[in-house]
Amino acid sequence: LKELNSQGYEIVLVTSGAVGIGLQRLRYRKLVNSSLADLQNAQFELDGKACAAVGQSSLMALYDTLFSQLDVTSSQYLVTDTEFRDTSFRKQLSETVKSLLSLKVIPIFNENDAVSTRRAPYEDSSGIFWDNDSLAGLLAMELKADLLVMLSDVEGLYSGPPSDPNSKLIHTYIKEKHQCEITFGDKSRLGRGGMTAKVNAAVCAAYAGIPSVITSGYATDSIIKVLQGKCVGTLFHRDAHLWTLVKELGVREMAVTARKCSRQLQAMNSEDRKKILLDIADALEANESLIKIENEADVTAAQDDGYENTSFIRLISFLQISGLAKSIRVLADMEDPIAQVLKRTELADGLILEKTSSPLGVLLVIFESRPDALVQIASLAIRSGNGLLLKGGKEAKRSNAILHKVITSAIPENIGEKLIGLVTSREEIPDLLK
(Lines give C-alpha, C1' and ligand atoms only; values in the text may rest on other atoms or scores of the structure.)
Protein backbone atom coordinates (compact mmCIF):
# COMPACT_ATOMS: atom_id res chain seq x y z
CA LEU A 1 0.00 0.00 0.00
CA LYS A 2 2.89 2.33 0.75
CA GLU A 3 4.37 1.67 -2.70
CA LEU A 4 1.05 2.37 -4.45
CA ASN A 5 0.45 5.45 -2.30
CA SER A 6 3.83 6.87 -3.37
CA GLN A 7 2.91 6.21 -7.02
CA GLY A 8 -0.18 8.41 -6.68
CA TYR A 9 -2.87 5.73 -6.27
CA GLU A 10 -5.76 6.70 -3.98
CA ILE A 11 -6.18 3.85 -1.52
CA VAL A 12 -8.90 3.10 1.02
CA LEU A 13 -8.27 0.19 3.39
CA VAL A 14 -11.11 -1.80 4.98
CA THR A 15 -9.89 -4.03 7.79
CA SER A 16 -11.05 -6.64 10.25
CA GLY A 17 -9.23 -7.66 13.40
CA ALA A 18 -10.55 -5.61 16.32
CA VAL A 19 -12.54 -8.49 17.83
CA GLY A 20 -9.62 -10.91 17.41
CA ILE A 21 -7.08 -8.61 19.07
CA GLY A 22 -9.52 -7.72 21.85
CA LEU A 23 -10.24 -11.39 22.46
CA GLN A 24 -6.51 -12.08 22.93
CA ARG A 25 -6.06 -9.20 25.36
CA LEU A 26 -9.16 -9.96 27.43
CA ARG A 27 -8.35 -13.67 27.64
CA TYR A 28 -4.92 -12.74 28.92
CA ARG A 29 -6.37 -10.36 31.56
CA LYS A 30 -8.95 -12.97 32.57
CA LEU A 31 -6.20 -15.57 32.91
CA VAL A 32 -3.98 -13.28 34.98
CA ASN A 33 -6.83 -12.42 37.35
CA SER A 34 -8.16 -15.97 37.73
CA SER A 35 -7.88 -18.05 40.87
CA LEU A 36 -6.52 -21.59 40.87
CA ALA A 37 -10.07 -22.93 41.02
CA ASP A 38 -11.05 -20.83 38.00
CA LEU A 39 -8.07 -22.12 36.04
CA GLN A 40 -9.11 -25.73 36.63
CA ASN A 41 -12.33 -24.96 34.79
CA ALA A 42 -10.95 -22.41 32.34
CA GLN A 43 -13.76 -21.73 29.88
CA PHE A 44 -13.88 -18.03 29.21
CA GLU A 45 -17.00 -16.75 27.44
CA LEU A 46 -16.26 -13.21 26.31
CA ASP A 47 -18.68 -10.70 24.82
CA GLY A 48 -17.84 -9.86 21.21
CA LYS A 49 -18.71 -6.17 21.61
CA ALA A 50 -16.42 -5.89 24.61
CA CYS A 51 -13.66 -7.57 22.59
CA ALA A 52 -14.21 -5.08 19.75
CA ALA A 53 -14.05 -2.10 22.13
CA VAL A 54 -10.79 -3.29 23.67
CA GLY A 55 -9.22 -4.46 20.39
CA GLN A 56 -10.02 -1.44 18.23
CA SER A 57 -7.40 0.84 19.80
CA SER A 58 -4.75 -1.89 19.59
CA LEU A 59 -5.61 -2.59 15.95
CA MET A 60 -5.26 1.06 14.99
CA ALA A 61 -2.08 1.41 17.06
CA LEU A 62 -0.61 -1.46 15.03
CA TYR A 63 -1.56 0.16 11.70
CA ASP A 64 -0.27 3.53 12.88
CA THR A 65 3.07 2.00 13.86
CA LEU A 66 3.45 0.13 10.57
CA PHE A 67 2.51 3.08 8.35
CA SER A 68 4.55 5.56 10.40
CA GLN A 69 7.68 3.46 9.85
CA LEU A 70 7.04 3.83 6.11
CA ASP A 71 6.39 7.58 6.39
CA VAL A 72 2.70 7.20 5.49
CA THR A 73 -0.15 8.81 7.41
CA SER A 74 -3.27 6.76 8.11
CA SER A 75 -6.64 7.67 9.60
CA GLN A 76 -9.44 5.78 11.33
CA TYR A 77 -13.08 5.72 10.26
CA LEU A 78 -15.51 3.58 12.32
CA VAL A 79 -19.01 3.00 10.92
CA THR A 80 -22.15 0.95 11.48
CA ASP A 81 -24.73 -0.07 8.90
CA THR A 82 -27.42 2.19 10.41
CA GLU A 83 -25.39 5.32 9.65
CA PHE A 84 -25.61 4.68 5.92
CA ARG A 85 -29.36 5.24 5.99
CA ASP A 86 -28.61 8.95 6.49
CA THR A 87 -27.94 10.68 3.15
CA SER A 88 -26.16 13.59 4.85
CA PHE A 89 -23.79 11.10 6.51
CA ARG A 90 -23.00 9.48 3.16
CA LYS A 91 -22.27 12.87 1.63
CA GLN A 92 -20.05 13.85 4.56
CA LEU A 93 -18.24 10.51 4.39
CA SER A 94 -17.41 11.02 0.67
CA GLU A 95 -16.17 14.56 1.30
CA THR A 96 -13.99 13.48 4.23
CA VAL A 97 -12.45 10.61 2.30
CA LYS A 98 -11.74 12.85 -0.70
CA SER A 99 -10.06 15.35 1.60
CA LEU A 100 -7.89 12.63 3.17
CA LEU A 101 -6.93 11.17 -0.20
CA SER A 102 -5.91 14.59 -1.52
CA LEU A 103 -3.48 14.76 1.42
CA LYS A 104 -2.14 11.25 0.54
CA VAL A 105 -3.58 9.88 3.79
CA ILE A 106 -4.82 6.26 3.78
CA PRO A 107 -8.32 6.06 5.37
CA ILE A 108 -8.76 2.85 7.36
CA PHE A 109 -12.38 1.71 7.73
CA ASN A 110 -13.71 -0.86 10.15
CA GLU A 111 -17.20 -1.85 11.25
CA ASN A 112 -17.80 -0.50 14.75
CA ASP A 113 -18.76 -3.82 16.34
CA ALA A 114 -18.61 -2.29 19.81
CA VAL A 115 -21.79 -0.24 19.26
CA SER A 116 -23.44 -2.18 16.43
CA THR A 117 -27.10 -2.97 17.16
CA ARG A 118 -26.81 -6.34 15.42
CA ARG A 119 -26.98 -9.13 17.98
CA ALA A 120 -25.33 -11.76 15.78
CA PRO A 121 -23.88 -12.05 12.27
CA TYR A 122 -26.58 -11.57 9.60
CA GLU A 123 -29.25 -11.10 12.26
CA ASP A 124 -31.35 -7.90 12.04
CA SER A 125 -29.36 -7.01 8.97
CA SER A 126 -30.58 -3.88 7.22
CA GLY A 127 -29.21 -5.19 3.95
CA ILE A 128 -26.79 -2.26 3.78
CA PHE A 129 -23.75 -4.23 4.90
CA TRP A 130 -23.28 -7.11 7.32
CA ASP A 131 -19.51 -7.59 7.64
CA ASN A 132 -16.27 -5.95 6.56
CA ASP A 133 -16.37 -7.65 3.13
CA SER A 134 -19.75 -6.16 2.32
CA LEU A 135 -18.59 -2.87 3.87
CA ALA A 136 -15.68 -2.87 1.39
CA GLY A 137 -18.12 -3.43 -1.48
CA LEU A 138 -20.44 -0.68 -0.21
CA LEU A 139 -17.58 1.82 0.14
CA ALA A 140 -16.27 0.96 -3.31
CA MET A 141 -19.69 1.86 -4.76
CA GLU A 142 -20.20 4.86 -2.50
CA LEU A 143 -16.79 6.34 -3.34
CA LYS A 144 -16.96 5.32 -7.02
CA ALA A 145 -13.74 3.33 -6.83
CA ASP A 146 -11.92 2.10 -9.92
CA LEU A 147 -11.12 -1.29 -8.41
CA LEU A 148 -11.99 -3.43 -5.38
CA VAL A 149 -9.39 -5.95 -4.16
CA MET A 150 -10.36 -8.36 -1.38
CA LEU A 151 -7.65 -10.43 0.29
CA SER A 152 -8.26 -14.00 1.38
CA ASP A 153 -6.26 -16.82 2.98
CA VAL A 154 -6.42 -18.72 -0.34
CA GLU A 155 -5.43 -17.76 -3.91
CA GLY A 156 -8.97 -16.88 -4.96
CA LEU A 157 -12.36 -18.51 -5.56
CA TYR A 158 -12.24 -22.26 -6.17
CA SER A 159 -14.87 -24.48 -7.78
CA GLY A 160 -15.09 -26.37 -4.48
CA PRO A 161 -13.41 -26.38 -1.07
CA PRO A 162 -9.74 -25.39 -1.64
CA SER A 163 -8.65 -28.45 0.35
CA ASP A 164 -10.33 -30.72 -2.24
CA PRO A 165 -7.67 -31.78 -4.83
CA ASN A 166 -10.35 -31.73 -7.56
CA SER A 167 -11.18 -28.06 -6.93
CA LYS A 168 -9.85 -25.61 -9.50
CA LEU A 169 -9.12 -21.92 -9.21
CA ILE A 170 -11.66 -19.84 -11.13
CA HIS A 171 -9.80 -17.02 -12.86
CA THR A 172 -12.92 -15.21 -14.14
CA TYR A 173 -16.24 -15.46 -12.32
CA ILE A 174 -19.31 -15.68 -14.56
CA LYS A 175 -22.41 -15.33 -12.44
CA GLU A 176 -24.72 -17.19 -14.80
CA LYS A 177 -22.37 -20.18 -14.86
CA HIS A 178 -20.66 -20.32 -11.48
CA GLN A 179 -23.31 -19.33 -8.92
CA CYS A 180 -24.96 -22.74 -9.21
CA GLU A 181 -21.76 -24.78 -9.65
CA ILE A 182 -19.56 -23.62 -6.77
CA THR A 183 -19.45 -25.55 -3.51
CA PHE A 184 -18.13 -23.45 -0.63
CA GLY A 185 -15.97 -25.04 2.05
CA ASP A 186 -16.13 -24.37 5.76
CA LYS A 187 -15.96 -20.74 6.81
CA SER A 188 -12.53 -19.57 7.88
CA ARG A 189 -12.02 -19.51 11.63
CA LEU A 190 -11.06 -15.85 11.11
CA GLY A 191 -13.72 -13.30 10.26
CA ARG A 192 -17.46 -13.56 9.97
CA GLY A 193 -18.52 -14.37 6.44
CA GLY A 194 -15.67 -16.25 4.79
CA MET A 195 -15.48 -16.73 1.01
CA THR A 196 -19.27 -16.61 0.62
CA ALA A 197 -19.36 -13.03 1.92
CA LYS A 198 -16.45 -12.03 -0.31
CA VAL A 199 -18.13 -13.43 -3.42
CA ASN A 200 -21.41 -11.68 -2.59
CA ALA A 201 -19.61 -8.37 -2.10
CA ALA A 202 -17.54 -8.79 -5.27
CA VAL A 203 -20.62 -9.61 -7.36
CA CYS A 204 -22.53 -6.57 -6.03
CA ALA A 205 -19.61 -4.24 -6.73
CA ALA A 206 -18.92 -5.73 -10.16
CA TYR A 207 -22.51 -5.32 -11.32
CA ALA A 208 -22.39 -1.73 -10.09
CA GLY A 209 -19.52 -1.14 -12.53
CA ILE A 210 -16.53 -1.69 -10.21
CA PRO A 211 -14.22 -4.55 -11.27
CA SER A 212 -13.34 -6.71 -8.27
CA VAL A 213 -10.62 -9.25 -7.57
CA ILE A 214 -10.37 -11.80 -4.76
CA THR A 215 -6.76 -12.87 -4.26
CA SER A 216 -4.33 -14.10 -1.61
CA GLY A 217 -3.31 -11.85 1.25
CA TYR A 218 -0.32 -14.10 1.91
CA ALA A 219 1.24 -14.03 -1.58
CA THR A 220 3.97 -11.44 -2.12
CA ASP A 221 2.89 -8.24 -3.95
CA SER A 222 -0.51 -9.70 -4.88
CA ILE A 223 -2.20 -6.26 -4.94
CA ILE A 224 0.55 -4.82 -7.15
CA LYS A 225 0.29 -7.82 -9.50
CA VAL A 226 -3.47 -7.23 -9.82
CA LEU A 227 -2.85 -3.61 -10.82
CA GLN A 228 -0.24 -4.78 -13.34
CA GLY A 229 -2.92 -6.87 -15.02
CA LYS A 230 -1.41 -10.23 -14.10
CA CYS A 231 -3.65 -13.27 -13.85
CA VAL A 232 -3.81 -13.72 -10.08
CA GLY A 233 -6.89 -14.50 -8.03
CA THR A 234 -10.46 -14.38 -9.34
CA LEU A 235 -11.79 -11.47 -11.40
CA PHE A 236 -15.41 -10.27 -11.14
CA HIS A 237 -16.70 -8.02 -13.96
CA ARG A 238 -20.21 -7.24 -15.13
CA ASP A 239 -19.26 -7.98 -18.76
CA ALA A 240 -17.58 -11.31 -17.95
CA HIS A 241 -20.46 -13.28 -19.49
CA LEU A 242 -19.72 -11.65 -22.85
CA TRP A 243 -16.12 -12.82 -22.77
CA THR A 244 -17.24 -16.47 -22.92
CA LEU A 245 -17.84 -15.97 -26.64
CA VAL A 246 -14.08 -16.34 -26.98
CA LYS A 247 -14.09 -19.40 -24.78
CA GLU A 248 -11.03 -21.59 -24.54
CA LEU A 249 -11.37 -25.29 -25.29
CA GLY A 250 -11.38 -27.69 -22.39
CA VAL A 251 -8.33 -29.95 -22.33
CA ARG A 252 -10.25 -33.05 -23.40
CA GLU A 253 -11.94 -31.21 -26.25
CA MET A 254 -8.57 -29.72 -27.24
CA ALA A 255 -6.97 -33.18 -27.41
CA VAL A 256 -9.87 -34.81 -29.29
CA THR A 257 -10.02 -31.94 -31.80
CA ALA A 258 -6.26 -32.15 -32.41
CA ARG A 259 -6.67 -35.86 -33.18
CA LYS A 260 -9.48 -35.21 -35.67
CA CYS A 261 -7.46 -32.51 -37.39
CA SER A 262 -4.35 -34.74 -37.50
CA ARG A 263 -6.31 -37.38 -39.43
CA GLN A 264 -7.24 -34.78 -42.03
CA LEU A 265 -3.57 -33.78 -42.22
CA GLN A 266 -2.45 -37.41 -42.69
CA ALA A 267 -4.91 -37.84 -45.56
CA MET A 268 -3.16 -35.05 -47.52
CA ASN A 269 -0.39 -35.81 -49.96
CA SER A 270 3.19 -34.81 -49.26
CA GLU A 271 3.09 -31.72 -51.49
CA ASP A 272 0.07 -30.28 -49.68
CA ARG A 273 1.75 -30.73 -46.29
CA LYS A 274 4.85 -29.09 -47.73
CA LYS A 275 2.73 -26.10 -48.87
CA ILE A 276 1.38 -25.62 -45.32
CA LEU A 277 4.94 -25.25 -44.03
CA LEU A 278 5.84 -22.77 -46.76
CA ASP A 279 2.70 -20.74 -45.91
CA ILE A 280 3.70 -20.73 -42.22
CA ALA A 281 7.19 -19.45 -43.10
CA ASP A 282 5.62 -16.63 -45.16
CA ALA A 283 3.16 -15.79 -42.35
CA LEU A 284 5.96 -15.52 -39.78
CA GLU A 285 7.89 -13.08 -41.96
CA ALA A 286 4.75 -11.05 -42.69
CA ASN A 287 4.02 -10.70 -38.95
CA GLU A 288 7.60 -10.14 -37.77
CA SER A 289 6.97 -6.66 -36.31
CA LEU A 290 3.94 -7.86 -34.31
CA ILE A 291 5.86 -10.87 -33.02
CA LYS A 292 8.75 -8.65 -31.90
CA ILE A 293 6.37 -6.35 -29.97
CA GLU A 294 4.94 -9.28 -27.98
CA ASN A 295 8.39 -10.77 -27.43
CA GLU A 296 9.79 -7.48 -26.12
CA ALA A 297 6.83 -7.29 -23.71
CA ASP A 298 7.82 -10.74 -22.35
CA VAL A 299 11.43 -9.65 -21.90
CA THR A 300 10.36 -6.46 -20.08
CA ALA A 301 8.01 -8.42 -17.81
CA ALA A 302 10.77 -10.93 -17.00
CA GLN A 303 13.13 -8.13 -16.04
CA ASP A 304 10.43 -6.48 -13.91
CA ASP A 305 9.92 -9.82 -12.14
CA GLY A 306 13.60 -9.92 -11.23
CA TYR A 307 14.98 -12.20 -13.95
CA GLU A 308 18.35 -10.50 -14.40
CA ASN A 309 20.12 -13.63 -15.66
CA THR A 310 21.48 -12.74 -19.10
CA SER A 311 21.33 -16.30 -20.45
CA PHE A 312 17.67 -16.61 -19.39
CA ILE A 313 16.72 -13.31 -21.04
CA ARG A 314 18.48 -14.50 -24.18
CA LEU A 315 16.38 -17.68 -24.17
CA ILE A 316 13.08 -15.83 -24.31
CA SER A 317 14.42 -13.09 -26.60
CA PHE A 318 14.84 -14.94 -29.89
CA LEU A 319 13.77 -12.40 -32.54
CA GLN A 320 15.30 -14.44 -35.43
CA ILE A 321 12.21 -14.71 -37.59
CA SER A 322 14.15 -14.88 -40.85
CA GLY A 323 16.24 -17.77 -39.51
CA LEU A 324 13.15 -19.64 -38.31
CA ALA A 325 11.42 -19.14 -41.65
CA LYS A 326 14.50 -20.42 -43.49
CA SER A 327 14.60 -23.55 -41.29
CA ILE A 328 10.93 -24.26 -42.01
CA ARG A 329 11.56 -24.05 -45.79
CA VAL A 330 14.51 -26.45 -45.48
CA LEU A 331 12.27 -28.88 -43.56
CA ALA A 332 9.57 -28.58 -46.23
CA ASP A 333 12.06 -29.64 -48.93
CA MET A 334 13.19 -32.71 -47.01
CA GLU A 335 11.99 -36.20 -47.82
CA ASP A 336 8.47 -36.94 -46.58
CA PRO A 337 8.81 -38.92 -43.30
CA ILE A 338 5.37 -40.54 -43.67
CA ALA A 339 4.87 -43.95 -45.34
CA GLN A 340 8.57 -44.69 -45.72
CA VAL A 341 9.25 -48.43 -45.94
CA LEU A 342 11.73 -49.15 -43.14
CA LYS A 343 11.83 -52.94 -43.48
CA ARG A 344 10.35 -55.58 -45.83
CA THR A 345 10.17 -59.29 -45.01
CA GLU A 346 8.76 -62.11 -47.16
CA LEU A 347 7.00 -64.37 -44.72
CA ALA A 348 5.80 -66.84 -47.35
CA ASP A 349 5.38 -67.02 -51.09
CA GLY A 350 3.39 -63.89 -52.01
CA LEU A 351 3.04 -62.82 -48.34
CA ILE A 352 5.19 -59.75 -47.62
CA LEU A 353 5.32 -57.91 -44.27
CA GLU A 354 6.31 -54.25 -44.45
CA LYS A 355 7.32 -51.97 -41.59
CA THR A 356 6.47 -48.38 -42.55
CA SER A 357 6.79 -45.02 -40.81
CA SER A 358 3.52 -43.47 -39.66
CA PRO A 359 2.40 -40.56 -37.47
CA LEU A 360 2.00 -41.13 -33.74
CA GLY A 361 -1.31 -39.19 -33.65
CA VAL A 362 -1.25 -36.36 -31.09
CA LEU A 363 1.93 -35.11 -29.40
CA LEU A 364 2.02 -33.29 -26.08
CA VAL A 365 5.23 -31.29 -25.82
CA ILE A 366 6.19 -29.30 -22.71
CA PHE A 367 9.17 -27.06 -23.36
CA GLU A 368 11.18 -24.37 -21.59
CA SER A 369 10.93 -20.60 -22.02
CA ARG A 370 12.19 -20.58 -25.61
CA PRO A 371 9.60 -19.26 -28.08
CA ASP A 372 11.64 -20.43 -31.08
CA ALA A 373 11.08 -24.01 -29.83
CA LEU A 374 7.34 -23.58 -30.45
CA VAL A 375 7.96 -22.83 -34.14
CA GLN A 376 10.37 -25.75 -34.55
CA ILE A 377 8.11 -28.28 -32.78
CA ALA A 378 5.00 -27.15 -34.69
CA SER A 379 6.81 -27.42 -38.04
CA LEU A 380 8.08 -30.93 -37.28
CA ALA A 381 4.60 -32.04 -36.14
CA ILE A 382 2.95 -30.80 -39.35
CA ARG A 383 5.63 -32.37 -41.58
CA SER A 384 5.17 -35.71 -39.82
CA GLY A 385 1.35 -35.56 -39.87
CA ASN A 386 0.80 -35.25 -36.12
CA GLY A 387 -1.62 -33.21 -34.07
CA LEU A 388 0.03 -31.16 -31.36
CA LEU A 389 -0.57 -29.79 -27.87
CA LEU A 390 2.04 -27.29 -26.64
CA LYS A 391 2.88 -25.97 -23.17
CA GLY A 392 5.67 -23.40 -22.99
CA GLY A 393 7.23 -21.54 -20.10
CA LYS A 394 5.04 -18.81 -18.58
CA GLU A 395 7.85 -16.24 -18.98
CA ALA A 396 7.32 -16.34 -22.77
CA LYS A 397 3.52 -16.56 -22.76
CA ARG A 398 2.91 -13.53 -25.01
CA SER A 399 5.51 -14.64 -27.53
CA ASN A 400 4.05 -18.17 -27.54
CA ALA A 401 0.52 -16.84 -27.98
CA ILE A 402 1.32 -14.66 -31.01
CA LEU A 403 3.45 -17.38 -32.64
CA HIS A 404 0.67 -19.91 -32.12
CA LYS A 405 -1.85 -17.50 -33.65
CA VAL A 406 0.32 -16.78 -36.70
CA ILE A 407 1.09 -20.47 -37.32
CA THR A 408 -2.48 -21.74 -36.92
CA SER A 409 -3.83 -18.96 -39.15
CA ALA A 410 -1.74 -20.40 -41.99
CA ILE A 411 -3.28 -23.89 -41.65
CA PRO A 412 -5.99 -24.46 -44.31
CA GLU A 413 -9.63 -24.70 -43.21
CA ASN A 414 -10.04 -28.30 -44.37
CA ILE A 415 -7.45 -29.27 -41.73
CA GLY A 416 -8.46 -26.77 -39.03
CA GLU A 417 -6.44 -24.40 -36.84
CA LYS A 418 -7.15 -26.63 -33.83
CA LEU A 419 -4.55 -29.05 -35.18
CA ILE A 420 -2.20 -27.27 -32.78
CA GLY A 421 -3.47 -26.46 -29.29
CA LEU A 422 -1.73 -24.11 -26.87
CA VAL A 423 -2.03 -25.10 -23.20
CA THR A 424 -1.74 -21.98 -21.03
CA SER A 425 -2.02 -23.36 -17.50
CA ARG A 426 0.13 -25.82 -15.58
CA GLU A 427 -3.06 -27.06 -13.86
CA GLU A 428 -4.29 -28.47 -17.22
CA ILE A 429 -1.35 -30.85 -17.62
CA PRO A 430 -2.63 -33.57 -15.19
CA ASP A 431 -5.99 -33.57 -17.01
CA LEU A 432 -4.23 -33.91 -20.38
CA LEU A 433 -2.13 -36.81 -19.11
CA LYS A 434 -5.31 -38.58 -18.01
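The values are calculated or read from the model by the stated rules, or taken from the named source; none is laboratory data. Please read these numbers as outputs of a predicted model, since none were measured by experiment. Glycine gets a Cβ as well: all are built from the backbone with ideal geometry, and neighbour counts include every protein chain shown. All accessible areas refer to the heavy atoms of the entire protein, side chains included, with ligands and DNA or RNA removed. Shrake-Rupley method; radii C 1.70, N 1.55, O 1.52, S 1.80 Å.
First select every other residue whose beta carbon is under 13 angstrom from the beta carbon of Val362; then total the charges, Lys and Arg +1, Asp and Glu -1. Walk me through the numbers before you get to the answer.
Details: positive: Arg252, Arg259, Lys260, Arg263, Lys418; negative: Glu253.
Net charge in that neighbourhood comes out at +4.
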Is there a pair in Lys275/Lys418; Lys292/Lys326; Lys49/Lys144; Lys198/Lys418 whose C-alpha atoms are over 27 Å apart, and which pairs would that be? Lys49/Lys144; Lys198/Lys418
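Please work out the FRET efficiency for the pair Thr220 and Gln24, using the Cβ-Cβ distance as r and a Förster radius of 25 Å; give the result to the nearest 0.05.
Working: r = 27 Å, r/R0 = 1.06.
Plugging the Cβ-Cβ distance into 1/(1 + (r/R0)^6) gives 0.40.
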Once neighbouring chains are kept in place and the probe is 1.4 Å, which whole percent of the accessible area of the chain is contributed by carbon and sulfur? 51 percent
In whole Hz and in residue order, list the ³J(HN,Hα) couplings for the range 167-182 that follow from phi through the Karplus curve 6.51 cos²θ - 1.76 cosθ + 1.60, θ = phi - 60°; x for Gly and Pro. 6, 10, 5, 8, 7, 10, 7, 10, 4, 4, 9, 8, 5, 9, 9, 7
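Using only the alpha carbon atoms of the range 251-432, find the Kirkwood hydrodynamic radius as the inverse mean reciprocal pair distance, in angstroms to one decimal.
Values: mean 1/r = 0.0572 Å⁻¹.
Answer for the range 251-432: a Kirkwood hydrodynamic radius of 17.5 Å.
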Compute the projected area of the convex hull of the Cα atoms of the range 317-374, averaged over all viewing directions, and report it in nm² to one decimal place. 6.1 nm²
If R₀ is 30 angstrom, what is the calculated FRET efficiency for the pair Ser57 and Leu31, using the beta carbon separation as r and rounding to 0.05? 0.90
Starting from the Cα-Cα distance between Ser6 and Lys260, subtract it from 0.36 nm times their residue separation and give me the gain in nm to one decimal. 86.0 nm
For the pair Ala208 and Asp282, the simple spin-label estimate (label points 7 Å beyond Cα toward Cβ) gives in nm 5.6 nm
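If the range 1-244 were replaced by its equivalent ellipsoid, with semi-axes equal to the square roots of 5 times the Cα gyration tensor eigenvalues, what would those be, largest first, whole Å? Write out the running numbers ahead of the final one.
Details: eigenvalues 186, 116, 70 Å².
Over the Cα atoms of the range 1-244, the semi-axes work out to 30, 24, 19 Å.
Looking at the chain, which longest stretch skips every one of the GluC sites (Glu not before Pro) that is in a DSSP loop with at most 15 other Cβ atoms within 10 Å, leaving the sites themselves out? Intermediate results must be reported in sequence, preceding the final value.
Numbers: sites that count: Glu45, Glu123, Glu181, Glu248, Glu308, Glu335, Glu368, Glu413, Glu427.
The longest such stretch corresponds to 46-122.
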Accessible surface, the chain, averaged per residue in Å² (probe 1.4 Å): 57 Å²
Calculate, in nm to one decimal, what Glu413 and Lys275 gain on full extension: separation in residues at 0.36 nm each, minus their alpha carbon distance. 48.3 nm
P(r) tail fraction, the chain - alpha-carbon pairs more than 33 Å apart, %: 53 percent
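How much length would be gained if the chain were fully extended between Lys104 and Gln303, taking 0.36 nm per residue of separation minus their Cα-Cα distance, in nm to one decimal?
Values: separation 199, 0.36 × 199 = 71.64 nm, distance 2.97 nm.
Full extension from Lys104 to Gln303 adds 68.7 nm.
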How much FRET efficiency would the formula 1/(1 + (r/R0)^6) give for Leu331 and Gln228, where r is the Cβ-Cβ distance and R0 is 41 Å, rounded to 0.05? 0.60
Just grab the label-to-label distance for Glu253 and Asn200, each label 7 Å out from Cα along the Cβ direction, in nm (one decimal). 3.3 nm
Specify the angular offset, from 0 to 90 degrees and rounded to the nearest 10, of the alpha carbon long axis of helix 87-102 from the longest principal axis of the alpha carbons in the chain. 70 degrees
Can you flag which of Lys91/Lys225; Lys230/Lys391; Lys394/Lys434 are past 29 Å Cα-Cα? Lys91/Lys225
Starting from the amide H of Ser75, placed 1.01 Å from N in the peptide plane, find each other amide H under 5 Å away whose residue is 5 or more places distant or on another chain. Ile106, Ile108
